[in-house]
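Structure record follows, encoded as structure tokens.
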Amino acid sequence: SNLLSVKQQDIFTATEKFYNDLGEERRKFYEYRLSVAERDKESLTEINGSLILVTNGYDSDMMREVVNFATEKTLKYGAVFSGNDSDGYSFVIASKSQDMNILRNDLNSKLNGRGGGRDGMIQGKAITTKKEIADFFKELQEVEEIHAIRYSEFLKKLEENKLYKSDKTELWECMNCG
């Protein structure tokens, strides 16, 4: 075709123009993807204090864009799952206040996930369904309520200087040396 052929002396100029045009199209496409992510921020669903979006067709940049927005709006988790029920979902989840290692382990176990991350953010893939994702975040609330009760009891004992003291005799065993 005429678009793909140039005279030999024009190859450098044509290649440079093609490269620049391609870069401009990539920039436009990137901006379009971010505009889709910007629009979808309004579609975040609140589940027990976490903001979650389950969608299809997002790449990792788009997921991080929405997750960063969500973590600014919640004290719990901001999460984006992109995929479908038959192939599974890629995910990015972040929090400024929650332990992401515990969440990662639970998610990998309960949603057939694989992934990792560092402080504040995890990412990976889960072979699961949209319903199971929603149920997972609903269950987190129940677990957090149980932990809140347990830790408030510890705090009370600590404040009363009874954490390691009791009115009855108890046997303690070191978990390291026995």
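The values are calculated or read from the model by the stated rules, or taken from the named source; none is laboratory data. Computed from a predicted model, the values in this text were never measured in an experiment. Because the Cβ atoms are built from the backbone with ideal geometry, glycine has one as well, and the counts that use them run over all protein chains shown. Just so you know, the surface numbers come from the protein's heavy atoms only, side chains and all, with ligands and any DNA or RNA stripped out. Shrake-Rupley method; radii C 1.70, N 1.55, O 1.52, S 1.80 Å.
Summary table
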item	result
Whole-number percent relative contact order across segment 62-107, with pairs defined as alpha carbons under 8 Å at least 6 apart	34
J(HN,Hα) series, segment 152-168, from Karplus relation 6.51 cos²θ - 1.76 cosθ + 1.60, nearest Hz, glycine and proline x	5, 5, 4, 4, 4, 5, 5, 5, 8, 6, 10, 5, 10, 10, 8, 6, 10
Dipole of the chain, positive end: most advanced residue of Asn105, Met175, Ser95 [Cβ charges, Cα centre]	Met175
Distant-in-sequence amide H partners of Tyr77 (H built 1.01 Å from N, under 5 Å)	Ser50, Leu51
Cα-based Rg / Dmax (Å) for segment 1-61	20.1, 65
Two-site FRET efficiency, Lys17 against Arg150, from Cβ-Cβ distance with R₀ of 45 Å, rounded to 0.05	0.10
Cα-Cα separations in segment 103-178 greater than 18 Å, expressed as whole percent	63
Cα gyration tensor shape of segment 48-132, rounded if a/c is under 1.5, else prolate or oblate by comparing a/b with b/c	oblate
Formal net charge of residues neighbouring Ile122 (Cβ-Cβ distance under 13 Å; K, R +1; D, E -1)	+2
FRET E, pair Leu171, Gln141, Förster distance 30 Å, beta-carbon r, rounded to 0.05	0.25
Value of relative contact order over the chain, rounded to a whole percent, pairs C-alpha under 8 Å and six or more apart	14
Inter-part distance where segment 148-178 and segment 24-54 are each reduced to a Cα centre, Å	47
In sequence order, calculated HN-Hα J values of segment 128-133 (Karplus, 6.51, -1.76, 1.60; Hz; x Gly/Pro)	7, 10, 4, 5, 5, 5
Net charge, Glu153 excluded, C-beta distance under 14 Å - Lys, Arg +1, Asp, Glu -1	+1
Solvent-accessible area per residue for segment 124-178 (1.4 angstrom probe, square angstrom)	89
Listed values (1) 18.0; (2) 11.4; (3) 15.0, entry calculated as mean projected area of the Cα convex hull in nm²	(1)
Among Tyr89, Tyr77, Tyr151: highest mean-square fluctuation, GNM of the chain, C-alpha pairs under 10 Å	Tyr151
Set of lysines near Lys131 by C-alpha distance (under 22 Å), chain-local residues within fewer than 8 positions excluded	Lys41, Lys76, Lys110
Table column - 3J(HN,Hα) (Hz), segment 19-35, Karplus curve with 6.51, -1.76, 1.60, x for Gly and Pro	4, 5, 4, 4, x, 5, 5, 4, 4, 4, 5, 4, 4, 4, 4, 5, 5
Accessible surface of the chain, 1.4 Å probe, proportion on carbon and sulfur as whole %	51
Order by protection proxy (mean Cβ within 10 Å, highest first), peptides 155-165, 45-55, 102-112	45-55, 102-112, 155-165
